[in-house]
1. For the condition in contact (Cβ under 8 Å) with a residue 60 or more places away in the chain, touching a Lys or Arg at 6+ places or on another chain (Cβ under 9 Å), assigned to a helix (DSSP H, G or I) and assigned by TED's automatic domain parsing to the domain that holds residue 114, what is the one hit in 27, 38?
2. Residue under question is residue 133, and the condition is that it be over 26 Å from residue 272 (Cβ atoms) and buried (at least 20 other Cβ atoms within 10 Å of the Cβ); does it hold?
3. For residue 157, are the conditions met, namely being on the phi < 0 side of the Ramachandran plot, of a type outside the set (Gly, Ala, Ser) and either assigned to a strand (DSSP E or B) or in the same structural domain as residue 313 (by TED's automatic domain parsing) (or both)?
4. Give me the strands (runs of 3 or more DSSP E) completely within region 190-309, filtered to those with at least 1 residues that are touching a residue at least 60 places away in the same chain (Cβ under 8 Å) and closer than 19 Å to residue 180 by Cα, ordered by residue number.
5. Being assigned to a loop (DSSP other than H, G, I, E, B), at pLDDT 90 or above, of a type in the set (Gly, Ala, Ser) and assigned by TED's automatic domain parsing to the domain that holds residue 310 narrows it down to one residue among 63, 45; which is it?
6. Which fully enclosed strands (runs of 3 or more DSSP E) of region 75-115 have 2 or more residues being touching a strand residue (DSSP E or B) at 6+ places or on another chain (Cβ under 6 Å), over 15 Å from residue 285 (Cβ atoms) and not hydroxyl-bearing (Ser, Thr, Tyr)?
7. What number of residues within region 204-226 are farther than 16 Å from residue 162 by Cβ and touching a Leu at 6+ places or on another chain (Cβ under 7 Å)?
8. When you scan region 92-108, do you find a residue that is within 17 Å of residue 30 (Cα to Cα), buried (at least 16 other Cβ atoms within 10 Å of the Cβ) and of a type in the set (A, V, I, L, M, F, W, C), even just one?
Amino acid sequence: MTDTMIETTTPTTTRDTVILGSGCSGLTAAIYAARSNLKPLVLEGHEPGGQLSITTLVENFPGWPEGIQGPELIENMKKQAVRFGAELKMAHLNSLDLTKRPFALTVGKEVIHTRTLIVASGASARWLNLPSEQALIGHGVSSCATCDGFFFSGKEISVIGGGDSAMEEALFLTRFASKVTLINRTENFRASKIMLERAVAHPKIEFRSSTIVEEVLGVEEKEVKGLRLKNTKSGMEDVLPVSAMFLGIGHIPNARAFQGLMDLDEDGYILTKNNVFPTLHGEVIPGVFACGDIQDRRYRQAITAAGTGCMAALEVEKYLEEHGR
């Protein structure tokens, strides 16, 4: 796509860059952009802090040998970004116009103009939406096996789902757990044949099909004590004693606002070239960048999100320099 950089507003009313999202990738981008004196505006979105804000102990982020609480890590990143000149705004994007220069973002009743845009709106884990489940997120209920599996070494745990994500989670968790019970609501599994065969063959994995979770036990104790299960065929209920429940039913990319403006894959993730360059009809969109889980369906780790946030901010600086800013 061509980029004429023709502006219809005066420079004093136009931001150099706006960042959508305040998770690990967005805040890292803000730190780098602020240190380049770009005075970035961060719109925190409907899930301020991203998934780290609902994570308890983070032990795999470099520089924290004793680990750090997810909300504390996010708060530290916010303070660091603000220290260098970033502005954080508790707001949610209503609409976006990428057809004109500068870009126009409608936030509530306000229209914000910006020369560049960094999309870091992330992806949200799919949950069962049980009150007991929501109460125990971070206390034995998790959507990230690589983040939290280690905490349940030698214990019996469960994985919910029947697709490849669930099989991958279950297989990974066998490194730590004494037993993994994989719970699927139907008899049919959406997983690929090879992934299903691997899970079935593993001696630590047991299957419960045609089964749903009615309640996660342990709310009062603030730790998972078990699951109250129901067989969808017989209606029979029983309690499965486990110390953790991992959700393996996928993630939902927060990309609804970008439909028709950027190329998305079949599940709604932004398609990018070289990790940070979104495309439209296969061509890079000048001045627009994406980072973190909104474009990363494979790794979804805080450190990889931070890495692409850094990359996006460096590309913004390079883009503005090339266009005389």
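1. Numbers: 38 fails: assigned to a helix (DSSP H, G or I).
So the residue among 27, 38 that is in contact (Cβ under 8 Å) with a residue 60 or more places away in the chain, touching a Lys or Arg at 6+ places or on another chain (Cβ under 9 Å), assigned to a helix (DSSP H, G or I) and assigned by TED's automatic domain parsing to the domain that holds residue 114 is 27.
2. yes
3. Details: on the phi < 0 side of the Ramachandran plot: yes; of a type outside the set (Gly, Ala, Ser): yes; either assigned to a strand (DSSP E or B) or in the same structural domain as residue 313 (by TED's automatic domain parsing) (or both): yes.
Yes; evaluated as a whole, the condition is true for this residue.
4. It comes to 211-217, 226-231, 237-240, 245-247.
5. Answer to the check: 63.
6. Working: elements: 87-89, 95-97, 103-107.
Per the criteria, 87-89.
7. So the count comes out to 9.
8. No, every residue in region 92-108 fails to be within 17 Å of residue 30 (Cα to Cα), buried (at least 16 other Cβ atoms within 10 Å of the Cβ) and of a type in the set (A, V, I, L, M, F, W, C).
The values are calculated or read from the model by the stated rules, or taken from the named source; none is laboratory data. Predicted model only: the values in this text are computed from it and were never measured. Backbone-built Cβ (ideal geometry, glycine too); neighbour counts: all protein chains shown.
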